[in-house]
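Student: Got a structure here, written out as structure tokens. Questions coming.
The values are calculated or read from the model by the stated rules, or taken from the named source; none is laboratory data. Predicted model, so just to flag it, every value in this text is computed and none were measured. We place every Cβ from the backbone using ideal geometry, glycine too, and count neighbours over all the protein chains shown.
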Amino acid sequence: MALELRQNLKLSLQPIMTPQLQQAIKLLQLSRMELMDQIRQEEEENPVLDEVAEPAGEAEPLEPSYESLSPQAPQKARDENGEADLPPLGWGRERYGRGSKGGEDDDDRPTFENFLTKKATLSDHLLWQLRLNDFSEAECLAGTLVIGNLNEDGLLQVGLEEIAAQSGFSLEEAETVLQKIQAFDPPGVAARDLRECLLIQARQLYPQDAVVQKIIEEHLPQLAKKAYQAIVKDLRISIEEVGRAARQIGELEPKPGRYYSDETTPYITPDVFVYKIGDEYVVVLNEDGLPKLRINPYYRDILRERPQAAAGGAKEYINDKIRSALWLIKSIHQRQRTVYRVTKSIVKFQREFLDKGVAFLKPMVLKDVAQDVEMHESTISRVTSNKYVHTPQGIFELKYFFNSSINTSRGENVASESVKEKIRQILAKEDSQKPYSDQALVEILKRQDILIARRTVTKYREILGVPPSTGRKQIL
């Protein structure tokens, strides 16, 4: 059998991820805040990108077309050597967001940041109290060490021995300083563990209540497990007294530094608004705050009217930056248009939800919307990630509308989110002294024609953040 070499020609088509395509995909999956940050970064890096103020009385279409990026139809213009495709001067002036409407006098006005004040941290608050108290210089040093070693919850992270060693105090002197700081606001601060934190608060709020303090000191694990009978037996008190003490302990703050934490609740700005006008729902893109971009006319003039000023590498550099800016503008438009189309499709499928609420949410998968808008499922997945829509029923992430189905005894399907809402409503009305078990929830849902397994109920309950029946049981 002889070996020989042959040459064969073969034609094939393969997708190539160009840098421009990668940028378009990246913009598609960014959240609103991330998109604004990306645009700001591009403006800093690309000198030909320009941001203009919104003309007065400009009307914005609900679904802009790519041709609307210019007041005129896009035309290709070339320089004398035919090396660069230059769009007309108005290209990229279409509105992508509302800019400042103020005139030149706005520069003289104080900015919003001038009216802001920095939120005091836990350390700031405690150091302020430390300076107001009658501490010696050595005690101030030890107190500063204590405050500097608190975690974000307000609890002491190091042992008292380390504080004493660094300050030159004995353990007794360091303990005295610690106790003084533990009397500061917020109550429970500078405690060494949860038990001490709750005990400090109990002594301040309920100084005469020995039962509350005794339970915190000796029976905190049993209280967490709701083993009330063990507490009753050991302290020889009634179940009513244990219940009263448990409620009082439940009102204490286990994380006294929570209010001063840097972690704040994120503010969600919807990407899309859905309004009901008459009997129809209208989808409107939220483009407030998105910069309105164009190509800086100065660089166009250099290439068109003063080509000698852009000799050598300068001309190639400007051409490259213009192409990059045009692709960014086109990618932003494509992103907005895709978000609009996907949201419009979701509104069409979930009309009953918009009319009546979560109980009428329909089962829906990515494929349903992908087929409706003629896009790939991966594109729908990217579009719905980190995007929020404001509806008459509230603000929801676009991914919220995609959920699996649960069968009913009538042969119909209901959305899993609707089942979660039913479980939440059932648990909200249950008897706290006789909470429903997961199997009991299965039976209740069955009577409502919803067929669901107990393990699925358990999973949904955990997603809702609800503890099992033993953890929900309350006493008188």
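Student: With respect to Lys276, determine if the residue is assigned to a loop (DSSP other than H, G, I, E, B), outside the structural domain of Arg40 (by TED's automatic domain parsing) and more than 23 Å from the chain's Cα centre (by Cα).
Tutor: no
Student: Ok, one more. Among the candidates Tyr206, Tyr259, Tyr281, which residue alone is over 30 Å from Pro392 (Cβ atoms), hydroxyl-bearing (Ser, Thr, Tyr) and surrounded by 16 or more Cβ atoms within 10 Å (Cβ to Cβ)?
Tutor: After applying the criteria, what remains is Tyr206.
Student: From the list Ser469, Ser418, Ser432, which residue is closer than 25 Å to Val365 by Cα and among the hydroxyl-bearing types (Ser, Thr, Tyr)?
Tutor: Being closer than 25 Å to Val365 by Cα and among the hydroxyl-bearing types (Ser, Thr, Tyr) holds for just one of Ser469, Ser418, Ser432, which is Ser418.
Student: Give region 279-292 a look and list any residue that's assigned to a strand (DSSP E or B) and not charged (D, E, K, R), or say none.
Tutor: Tyr281, Val282, Val283, Val284, Leu285
Student: Search region 342-361 for residues being of a type outside the set (Val, Ile, Thr), in contact (Cβ under 8 Å) with a residue 40 or more places away in the chain and surrounded by 18 or more Cβ atoms within 10 Å (Cβ to Cβ), and hand back the single one that is farthest from Asp271 (Cα to Cα).
Tutor: Leu361
Student: Kindly state which helices (runs of 4 or more DSSP H) lie completely within region 147-207 and contain at least 1 residues that are closer than 17 Å to Glu251 by Cα and aliphatic (A, V, I, L, M).
Tutor: Output list reads 194-205.
Rundown of residues vs (1) closer than 27 Å to Gln425 by Cα; (2) at pLDDT 90 or above; (3) in contact with a strand residue (DSSP E or B) (Cβ under 8 Å, 6 or more places away or on another chain), yes/no style:
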position	(1), (2), (3)
Val347	yes, yes, yes
Arg351	yes, yes, yes
Ala359	yes, no, no
Lys367	no, yes, no
Val373	no, yes, no
Asn386	no, no, yes
Val389	yes, yes, yes
Ile395	yes, yes, yes
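Student: Looking at region 124-139, which of the residues that are surrounded by 13 or more Cβ atoms within 10 Å (Cβ to Cβ) and among the polar types (S, T, N, Q) is farthest from Phe184 (Cα to Cα)?
Tutor: Asn133
Student: Can you list the helices (runs of 4 or more DSSP H) found entirely within region 371-476 that contain at least 1 residues being of a type in the set (A, V, I, L, M, F, W, C)?
Tutor: Correct list: 377-384, 416-428, 438-447, 454-463.
Student: Scan region 213-234 and give yes if some residue there is assigned to a helix (DSSP H, G or I), touching a His at 6+ places or on another chain (Cβ under 9 Å) and either under 23 Å from Gly257 (Cα atoms) or not hydrophobic (A, V, I, L, M, F, W, C) (or both), otherwise no.
Tutor: yes
Student: Still on this model: Being among the β-branched types (Val, Ile, Thr) and free of Cβ contacts under 8 Å to residues at least 24 places away in the same chain is the filter here, so list the residues in region 232-250 that pass it.
Tutor: Val232
Student: Between Ala370, Ala314, which is without any contact (Cβ under 8 Å) to a residue 24 or more places away in the chain, among the small types (Gly, Ala, Ser) and surrounded by fewer than 14 Cβ atoms within 10 Å (Cβ to Cβ)?
Tutor: Answer to the selection: Ala314.
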